[in-house]
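Below: the structure, in structure tokens.
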Amino acid sequence: MKKKLYIKTHGCQMNEYDSAKMADLLKEKEGFELAKNEDEADLLILNTCSIREKAQEKVFHQIGRWRKIKEEKPDLKIAIGGCVASQEGKEIINRAPAVDIVFGPQTLHKLPELYNNKKKTNINQIDISFPKLEKFNHLPVKGKGEPSAFVSIAEGCNKYCSFCVVPKTRGHEVSRTIEDILNEVSILADKGTREINFLGQNVNNFKGTFKGEKSSLAVLIELASKIDNIERIRFTTSHPHEFKDDLVEVYDRVPELVSHVHLPVQSGSDKILKLMRRRYNAEKYLALIEKIRIIRPDMSFSSDFIVGFPGETNEDFQQTINVINEVKFDESYSFIYSPRPNTTASEMPDDVSPEEKKERLNILQSRLNQLSFGYSRKKVGTSQRCLIYGQSRRDPGQLQGRTICNRIVNFQSNQLDLVGHFANIQIQEALTNSLRGSLAH
Ligand code: SAH
Ligand code: F3S
């Protein structure tokens, strides 16, 4: 009987990409197949996130639940990977002895070896080192024909924003070569993928080489757009400081590049941006948005926001609202600041009360929802060319696609052969974060 594997993923898209790679690798090297649920698994993997405090606490709750399964099934192995693993290392096993393996975001390719060592020796395995890009030489590249696929192009981050753990947990920034990435894109395209989403923590600082010379994200996008069947290109997450003119200009030349970008501003106050060490001020950020909008007037922008950063006054917060009103962001993410271990912000005096932080978050989120709903409403009555992703999760009688501005569109249809293709959808109804429509004839 085949060994069974169950992977649970917390956090960002990079983690989702890594988890999919772990599954491919363990299938190929160890003959694992995916378990339907946790109870039938021989190996349980948790790919963790440590971006905020709650994310970290979730890890130990999850291990607690898995420990109960292990009590009934002593051969079961539990492996913890991702950013909490990278941050805590062997402390994870000290606190949760049910864990057998701890690995980091850069050592996931060693999972088969760590798993076999543990089985053979019964000694717990810990490897949270940062061998540069080594994992990409070991991970299988498999096209599964998904309409939209992630491709990781750079790992780690050197920006050291004062609030962020990523540079510590994922290590220094390294870029894959353009040849290596294009090879992966071609394999995906051959299997039916139509949309590529390039991933990196600071993706527009990509510096991979092409024919041995240091290159850029702009060059990579242009080359990828020429690959047959690649009809849409996204990239995430961008840093405003690194969004240089050559990247802005690609919007003019490459129609495959979608009219949506996630460009986290975090705050609209120059004082707070400086304390966050973001390397831009509100004026520069707004000028960049303007530059992109001149080339692509229908461009939609989304952002991440942190409220209640140490020292944030009501006036600082108001400046964030002003930036929101100016840019008119579409769907965005917002968080209450959470002090993280080994970050400079965690040592800054924080005199904003938790109640005040919550209130600011509510005000900010309701404004963002209003704007998002406004975007949706404007689309009612239009016809939108959508890439069809698959059946709607809530209602299998409906299909789901995305517009070029990244809006989800649901429509009644049993035509499964539309999945992976483009279709024109007549938009009839607006919801805050999605649209409803019908297939245009
Ligand atoms: N590389 C991306 C962000 C990665 S983390 C960038 O350049 O912006 C994703 C988001 O989590 C961040 O944009 C930030 O808004 C939020 N975040 C990160 N650290 C946080 C913290 N300590 N407290 C609250 N939110 C945080
Ligand atoms: Fe974090 Fe800033 Fe890098 S938010 S991932 S340190 S760009």
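The values are calculated or read from the model by the stated rules, or taken from the named source; none is laboratory data. Since the structure is predicted, the reported quantities are computational estimates derived from the model, not experimental observations. Here the Cβ positions follow ideal geometry from the backbone for every residue, glycine too, while neighbour counts run over all protein chains shown.
Name, by its number, the condition in (1) within 16 Å of ligand 2 (Cβ to nearest atom); (2) hydroxyl-bearing (Ser, Thr, Tyr); (3) under 28 Å from Phe373 (Cβ atoms) that does not hold for Tyr280.
Status for Tyr280: all satisfied but (3).
Conditions first: (1) of a type in the set (Asp, Glu); (2) within 14 Å of ligand 2 (Cβ to nearest atom); (3) within 30 Å of Gly390 (Cβ to Cβ). Glu173 passes all but one, so which condition is the exception?
(3)
Which one of Glu347, Glu356 is of a type outside the set (Ser, Thr, Tyr), free of Cβ contacts under 8 Å to residues at least 24 places away in the same chain and away from ligand 2 (no atom under 16 Å from the Cβ)?
Among Glu347, Glu356, only Glu347 is of a type outside the set (Ser, Thr, Tyr), free of Cβ contacts under 8 Å to residues at least 24 places away in the same chain and away from ligand 2 (no atom under 16 Å from the Cβ).
Looking only at region 347-376, how many residues end up being assigned to a loop (DSSP other than H, G, I, E, B), surrounded by 14 or more Cβ atoms within 10 Å (Cβ to Cβ) and at pLDDT below 95?
Result for region 347-376: 2.
Residue check: is Thr193 under 30 Å from Ala345 (Cβ atoms) and either surrounded by 22 or more Cβ atoms within 10 Å (Cβ to Cβ) or touching a His at 6+ places or on another chain (Cβ under 7 Å) (or both)?
It is false that Thr193 is under 30 Å from Ala345 (Cβ atoms) and either surrounded by 22 or more Cβ atoms within 10 Å (Cβ to Cβ) or touching a His at 6+ places or on another chain (Cβ under 7 Å) (or both).
Are there any helices (runs of 4 or more DSSP H) wholly within region 238-296 with 1 or more residues that are without any contact (Cβ under 8 Å) to a residue 24 or more places away in the chain, surrounded by 20 or more Cβ atoms within 10 Å (Cβ to Cβ) and of a type outside the set (Phe, Trp, Tyr), and if so which?
270-276
Select, from Phe150, Phe103, Phe130, the only residue that is more than 30 Å from Ile272 (Cα to Cα), aromatic (Phe, Trp, Tyr) and within 16 Å of ligand 1 (Cβ to nearest atom).
Phe150
Does region 116-132 contain any residue that is part of a helix (DSSP H, G or I) and among the hydrophobic types (A, V, I, L, M, F, W, C)?
No, every residue in region 116-132 fails to be part of a helix (DSSP H, G or I) and among the hydrophobic types (A, V, I, L, M, F, W, C).
Which ones in region 176-205 are assigned to a loop (DSSP other than H, G, I, E, B) and out of contact with any Asp or Glu (no Cβ under 9 Å at 6 or more places or on another chain)?
The answer is Thr177, and nothing else.
Looking only at region 186-206, how many residues end up being out of contact with any Leu (no Cβ under 9 Å at 6 or more places or on another chain) and more than 16 Å from ligand 1 (Cβ to nearest atom)?
Residues in region 186-206 being out of contact with any Leu (no Cβ under 9 Å at 6 or more places or on another chain) and more than 16 Å from ligand 1 (Cβ to nearest atom): 8 in total.
Tell me, which residue of region 21-40 that is touching a strand residue (DSSP E or B) at 6+ places or on another chain (Cβ under 8 Å) and in contact (Cβ under 8 Å) with a residue 40 or more places away in the chain is farthest from ligand 1 (Cβ to nearest atom)?
Leu26
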